[in-house]
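The values are calculated or read from the model by the stated rules, or taken from the named source; none is laboratory data. These figures come from a predicted structure and were not determined experimentally. Keep in mind that these areas ignore ligands, DNA and RNA; they rest on the heavy atoms of the full protein, side chains included. Shrake-Rupley method; radii C 1.70, N 1.55, O 1.52, S 1.80 Å.
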Amino acid sequence: MTAPVPQQQPLPGPEGANGQGAPSPHRPLPPGVDMEVWKRIVDGAPERVLRIVEQESAAQIEIQRAEALRRVQLDQHQMRMDIVHFRFRVAGAVFGATAFAAILLLAKHFIDQGALAPAAGVLSAAAAAIGALVFGAKKGK
């Protein structure tokens with residue numbers, strides 16, 4: 001004489017196993033009636049089922065912990081990259097301002113010496129370079 005095979009319960013819908021709208025990481029335990037049937041079929045079945053459920057729960061918790069750690073590491077990396085990007089932008093602005101001041105001083109020196117043609121050339125080249133940087137940076141982004 002054989003005992004009837006336990007019927008599998010349908011999996012919970014999209015609201016999850018906890019019935020509160022969020023999917024649960026834990027598998028629900030089989031009903032007690034099924035456990036009694038399993039106990040008659042296989043000796044120690046309830047303990048085995050509980051052990052499997054506990055192992056799956058521990059594995060799911062470990063996966064969630066690893067995912068949370070990965071998100072924290074990605075956030076820290078993104079923050080470091082933002083700081084590096086900001087430092088490069090500041091260094092570029094300082095370098096650009098220094099270069100512009102040097103060109104203006106060179107043009108002033110030419111004007112003080114009475115060489116207007118070289119001063120005009122330096123200033124027009126500086127204006128063209130600055131225009132290319134400004135419009136090129138906006139177009140590239």
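Within segment 98-127, track down each residue that is open to solvent by 60 Å² or more (accessible area, probe 1.4 Å) and within 40 Å of the chain's Cα centre (by Cα).
Thr98, Phe100
For every residue, the table says whether it meets (1) open to solvent by 90 Å² or more (accessible area, probe 1.4 Å); (2) modelled with pLDDT under 90; (3) hydroxyl-bearing (Ser, Thr, Tyr).
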position: Ala22; (1), (2), (3): no, yes, no
position: Pro28; (1), (2), (3): no, yes, no
position: Pro31; (1), (2), (3): no, yes, no
position: Trp38; (1), (2), (3): no, yes, no
position: Ala45; (1), (2), (3): no, yes, no
position: Gln60; (1), (2), (3): no, no, no
position: Ile63; (1), (2), (3): yes, no, no
position: Ala68; (1), (2), (3): no, no, no
position: Gln73; (1), (2), (3): yes, no, no
